[in-house]
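Sending over a structure as structure tokens; questions will come in a sec.
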Amino acid sequence: MLLSKEKRLFRRSVLHSFSVFSNLSNGRVCQGANSFKDKMSSIHPSIMDTESLKRRIQMPHPKNNVPESIIPKIGRNLHLLPHHPLNIVKQKIENYCQEYASKKYRNGTSQTGNALNKFEIHDNLCPLVNTKTCFDDLLVKPDHVSRRPSDTYYVNDELVLRTHTSAHQCPLIQSGTTMFLCSGDVFRRDEIDSSHYPVFHQMEGVKIFDNSELVLGDKEASLAVIESDLKEILTGLAKDLFGDVDMRWRNDYFPFTDPSFELDVFFEGEWLEVLGCGVIHNDVLKNAERSGCQGWAFGLGLERLAMVLFKIPDIRLFWTQDKRFLDQFHGLSDNPKKKVSFVPYSKFPLCYKDVSFWLPAGVPLHPNDIYEVIRSVAGDLVERVDLFDEFVNKKTNRVSHAYRITYRHMDRNLTNAEVDEVQFRLRDKLVEQLKVELR
Ligand code: DAH
């Protein structure tokens, strides 16, 4: 299923206030314009606090739509695991950007006292953020589809599991940063297939320019400097990752950047979207209390890059603890130039089952609600789900949905009996939880 342009605002492929939940990884707390009053201001995104974070996320609230299946993923921090492919890609990007900064930018410190030629690295910020930094500060309209509970995990009216690492832009900019790279897990309710998973990982890059790097008193000329630097660093990054490939820049739209662009590379016979980026919108800088400053930002998806670079065919593999997967990436961190293609250790047979039902009358159900129940029962056994039939009974006005569920274990064979058992539980859960009527 292709995402509409509207929804692509937070494309997964490029990847899709607050103050207290913007605790920085070094322990500093960045004070937002509106101090958030939640007592949990001490939540710190370290491994130690994972349990209290999980408890906070599970606190009952009418708006809480975080399913139990998400909880064990909290704190896994795949991007921080040595030798994990996501960590390797993260490391490669950080190394390249630091090298670019040390060669291209001036030595010295900004007026805020931060180094002008070194990116701050933030890779362990709390994934629980508030709607102000995740959406409002970034100029995402109140009625934008990405804010809907059908797309976003809410803990209560104000707290969400971050839907993108851009959620940290304003608090970090407000802290006085000159530049940073921020990576972490992000959470979205979405469809089920080989490239969609409710938790994935992104990296956000931001540079705020010092006056000494711009053309004083000439906003237009300064804009040209910023745009050209943005394109230079990102073209270099794409070359570093993909080799000497063709690239193209396309104009794009994000509410938080103006102008906005997307970078595509021609890799192994097809054009791939690599990242989204742009010049930071003035109003975003205003929200971060840095009016008058100018800068650029980019965002990319680590899974997407790792899947292409290492030929990893299914996004569920990133979560496996099977040594046959993980061992293939050993030694790469020390030898980043080495090329690795993942060799599937086996392709186990798939098995599919259909389920069809009448939706409950008068209750709006989103396919994402169905996908979530399927995930909660079948977990990583489910490879993809397709809504293959949908119709309205003209007499009763009831809506029917039919889904095909493809089951395949990544590490072993599944027996038919095992799949049947899961499918029965799934049918029961759909009835119990969503009040559908099985057909
Ligand atoms: N947050 C966007 C997403 O999730 C990605 C992105 C696009 C980040 C453009 C940026 C940017 O900083 O400038 O799809």
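The values are calculated or read from the model by the stated rules, or taken from the named source; none is laboratory data. Please read these numbers as outputs of a predicted model, since none were measured by experiment. Neighbour counts are summed over all protein chains in view; Cβ atoms, including those assigned to glycine, are modelled from backbone coordinates with ideal geometry. Side chains are part of the model used for accessible areas, which takes the heavy atoms of the whole protein and leaves out ligands, DNA and RNA. Shrake-Rupley method; radii C 1.70, N 1.55, O 1.52, S 1.80 Å.
Per DSSP H run of n ≥ 4, the term is -39500 (n - 2.57); total these for the chain, divide by its residue number, and report the mean residue ellipticity at 222 nm rounded to 500 deg cm²/dmol.
Details: 10 runs with 112 residues, N = 439.
The helix-only estimate for the chain comes to -8000 deg cm²/dmol at 222 nm.
Past 23 Å, Cα to Cα: identify those pairs from 323/347; 132/435; 90/118; 63/429, in the order given.
Numbers: 323/347 16 Å; 132/435 34 Å; 90/118 16 Å; 63/429 20 Å.
Beyond 23 Å between Cα atoms: 132/435.
Here's a follow-up. Where both residues lie in the chain, what percent of DSSP beta bridges are antiparallel, nearest 5? Mind dumping the intermediate values first?
On the way: 62 of 65 bridges.
Of all bridge pairs located within the chain, approximately 95 percent are antiparallel.
³J(HN,Hα) across segment 415-420 via Karplus (A = 6.51, B = -1.76, C = 1.60, θ = phi - 60°), whole Hz, x for Gly/Pro?
8, 4, 4, 5, 5, 4
Using modelled backbone amide H atoms (1.01 Å from N, in-plane), which distant-in-sequence or interchain residues come within less than 5 Å of residue 192's amide H?
Sorted by chain and number, the residues that satisfy this are 385.
Which percent of the accessible heavy-atom area of the chain goes to carbon and sulfur, probe 1.4 angstrom?
Numbers: 9910 of 19010 Å².
Percent of accessible area from carbon and sulfur atoms in the chain: 52.
Where Lys and Arg each count +1 and Asp and Glu each count -1, what net charge lies around residue 345 among other residues with Cβ under 13 Å from its Cβ? Don't skip to the end; give the middle numbers.
Numbers: positive: 323, 324, 347, 412; negative: 314, 322, 327, 411.
In short, 0.
Separate question: Taking amide H positions as placed in the peptide plane 1.01 Å from N, state which residues far from residue 257 in sequence (5 or more) or on other chains have amide H under 5 Å from it.
281
May I pose another question? How big is the charge dipole of the chain about its Cα centre, in debye rounded to the nearest 20, if each Lys and Arg gets +1 on its Cβ and each Asp and Glu gets -1 on its Cβ?
Working: 58 positive and 59 negative charges, 126 e Å.
Magnitude of the dipole: close to 600 debye.
Starting from the Cα of residue 439, step 7 Å along the direction of its Cβ; do the same at residue 76; then give the gap between the two resulting points in nm.
Result: 3.4 nm between the two label points.
Then there is this: Relative to the Cα centre, what is the charge dipole magnitude of segment 160-293, using +1 at the beta carbon of each Lys and Arg, -1 at the beta carbon of each Asp and Glu, and rounding to the nearest 20 debye?
In total the dipole reaches around 520 debye.
Follow-up question, since we're still on this one. Quote to one decimal, in nm, the extra length available between residue 270 and residue 327 on full extension: 0.36 nm per residue of separation minus the C-alpha distance between them. Let's see the in-between values first.
Working: separation 57, 0.36 × 57 = 20.52 nm, distance 2.89 nm.
Fully extending the segment from residue 270 to residue 327 adds 17.6 nm.
Near residue 116, within a Cβ-to-Cβ distance under 14 Å, what is the net charge of the other residues, with Lys and Arg +1 and Asp and Glu -1? Please report the intermediate quantities before stating the final value.
On the way: positive: 103, 104, 106, 118, 207; negative: 120, 210, 213, 229.
With Lys, Arg at +1 and Asp, Glu at -1, the neighbours total +1.
What does the net charge come to around residue 357 if you take all other residues with beta carbon closer than 9 Å to its beta carbon, with K and R at +1 and D and E at -1? Write out the running numbers ahead of the final one.
On the way: positive: 427, 439; negative: 437.
So the environment of residue 357 carries a net charge of +1.
If R₀ is 22 angstrom, what is the calculated FRET efficiency for the pair residue 64 and residue 141, using the beta carbon separation as r and rounding to 0.05?
Numbers: r = 24 Å, r/R0 = 1.08.
With R0 = 22 Å, the Cβ-Cβ based efficiency is 0.40.
Can you tell me the order of 143-149, 301-307 when each peptide is scored by its average per-residue count of other Cβ atoms within 10 angstrom, highest first?
On the way: 143-149: 15.1, 301-307: 25.3.
Ranking, from highest mean packing down: 301-307, 143-149.
Hey, another quick one. State the extension gain, in nm to one decimal, for the chain segment bounded by residue 156 and residue 428, taking 0.36 nm per residue of separation less the distance between their alpha-carbons. Kindly include the intermediate steps, with their values, before the conclusion.
Values: separation 272, 0.36 × 272 = 97.92 nm, distance 2.78 nm.
My answer for the length gained is 95.1 nm.
While we're looking at this one, here's another question. Determine the per residue accessible area of the chain with all protein chains present and a 1.4 angstrom probe, expressed in square angstrom. Please list the in-between numbers first.
On the way: 19010 Å² over 439 residues.
Counting only protein heavy atoms, the per-residue value for the chain is 43 Å².
Ok, one more. Can you give the FRET efficiency to the nearest 0.05 for residue 246 and residue 345, using r as the Cβ-Cβ distance and R₀ = 45 Å? Let's see the in-between values first.
Details: r = 33 Å, r/R0 = 0.74.
It comes to 0.85.
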